[in-house]
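The values are calculated or read from the model by the stated rules, or taken from the named source; none is laboratory data. Predicted model only: the values in this text are computed from it and were never measured. Here Cβ is always computed from backbone atoms with ideal geometry, including for glycine, and neighbour counts include all displayed protein chains. Heads up: the accessible areas ignore ligands, DNA and RNA and are worked out on the full protein's heavy atoms, side chains in. Shrake-Rupley method; radii C 1.70, N 1.55, O 1.52, S 1.80 Å.
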Amino acid sequence: MSAMTVITADQLSSPDVIANPYPYYRELREHSPVNYMFLQAGAVAGASEPVRAWALMKYTDVYSALRNHDTFISHHSLAGKIAPRLALIQDDPPRHTRFRRLVNKAFTLKRIETLIPWITNVANELLDEMTPLEEDVMQAYAIPLPIKIIARLLGIPGEDYIKLKRWSDTFLAFSSMTPEERALSNQEMMAYFGRMASTRRAQGAEDLITALVEAEVEGESLDDSEIIGFCMLVLIAGNETTTNLIGNMLGILADRPELWRQLQKDRSLVDTVIEETLRYESPFQRLSRQTTREVELSGVKIPKDSLVTIYYGAANRDPDEFPAPDEFRLDRDLRNHVAFGAGIHYCLGAPLARVEAQITMHAFLDRFPVLARGTAPSVRQSTSLVVFGYQSLPLALGKA
Ligand code: HEM
């Protein structure tokens, strides 16, 4: 897009914006909150009118909406209409509080830490199969790694991970599939997790589904439908997001050969590169809330019962919070980025995503003294409204 292009908020859900949203955020942020066309007529089964929402793009508005979960609720009017309703992330207190306490018992740091040697092996196996001259790192690495890890975490047999990938893609695909095709795939996924939950109830194993079946807080536990809902959520929330963190990070580094050389010498910078990637090219771009009362943000009155879109990606590039936001820099205070959200819905999988990114960085740094763009052009994804990342990212990987 040229600097001359003037866009309207109604273009925010178009493929061009999904593929490269940042110039649009720059234009629209100062007018935010802006009312925009979130979904075209027909995108939600039975809806003949377009669906409109309020886009929050300023850091202060995003942060305030995330912290103020009584006014900006997650169980909004579209939950369950485009895709099955997701547990936890589309729940509000008290249901959310009870659920989060139970899953916190099962999804522990210890469980993630015990997986580290296994994740490192999977990362290295994937790298062993890559050709150094030029490889699409999305297909060869960034896509399979998180999905294999989630399958292992849940206790799903290795060969079924391809199915998980298909279900997860379908769930997130808004424009490339009919509502009927999506519904069929979602039913298949729910039936699969239902069978897994009953199998684990009959006989436990060393996995997250068993831990969920066994989790108990003050005499309360999860029923099968809640376990199915949580498995779906982990699959959807943890798969494509981490894929895009890895892809975006490798793309950023391929364009900065000096930074790559610096990292080779000083691995203590790895964690900062990961956090700045999360801010600079946030893998999770936007999510809906709904207002429970009239509320004023940045001088704009948003009526009660309005759909609101939280733009994590735009907030993370707000110059009022991050000076020179369009520069990738390692000397910032990154503790306040909202790439993993904030408040009661703060990402449960953030420690796992960070571990996967760290293992990836060290594995690539160990093997490749040079990281550069390949000859084939890279392509950004343009179908999912939620995530920002590459569909393909060909890289030339210089072997030691
Ligand atoms: C780079 C990778 C990831 C990013 C950028 C990301 C981002 C986010 C964000 C922004 C939220 C907050 C949503 C809201 O405000 O309502 C969230 C919630 C959540 N994420 Fe992640 N996520 C990532 C990886 C993961 C992984 C690996 C898992 C699990 C395996 C996971 C599981 C969850 C769950 C369960 C929630 C809902 C928490 C709640 O509602 O209480 N995420 N994530």
Under 17 Å from LYS301, Cα to Cα: lysines that are on another chain or at least 8 residues apart: LYS58
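Add +1 for every Lys or Arg and -1 for every Asp or Glu among the other residues with Cβ under 14 Å from the Cβ of ASN121, and state the total. Intermediate results must be reported in sequence, preceding the final value.
Values: positive: LYS148, ARG152; negative: GLU125, ASP128, GLU129, GLU356, ASP366.
Result for the local shell: -3.
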Quick check of the Kirkwood formula: for the range 9-398, what is the inverse mean of 1/r over all pairs of different Cα atoms, in Å? 21.7
Residue-averaged 222 nm ellipticity for the chain, from DSSP H runs of 4+ at -39500 (n - 2.57), nearest 500: -14000 deg cm²/dmol
Cut-off under 26 Å on the C-alpha distance; same-chain residues fewer than 8 positions from LYS163 excluded. Which lysines are left, in chain and number order? LYS81, LYS148
Using Cα springs under 10 Å in a Gaussian network model of the chain, which residue among LEU287, LEU133, LEU233 shows the largest mean-square fluctuation? LEU133
Solvent-accessible area per residue for the range 9-398 (1.4 angstrom probe, square angstrom): 42
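Got a number for carbon plus sulfur as a percent of the chain's accessible area, 1.4 Å probe?
On the way: 9010 of 17160 Å².
Its accessible area is 53 percent carbon and sulfur atoms.
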If you find the alpha carbon centre of the range 33-72 and of the range 86-100, how far apart are they in angstrom? 20
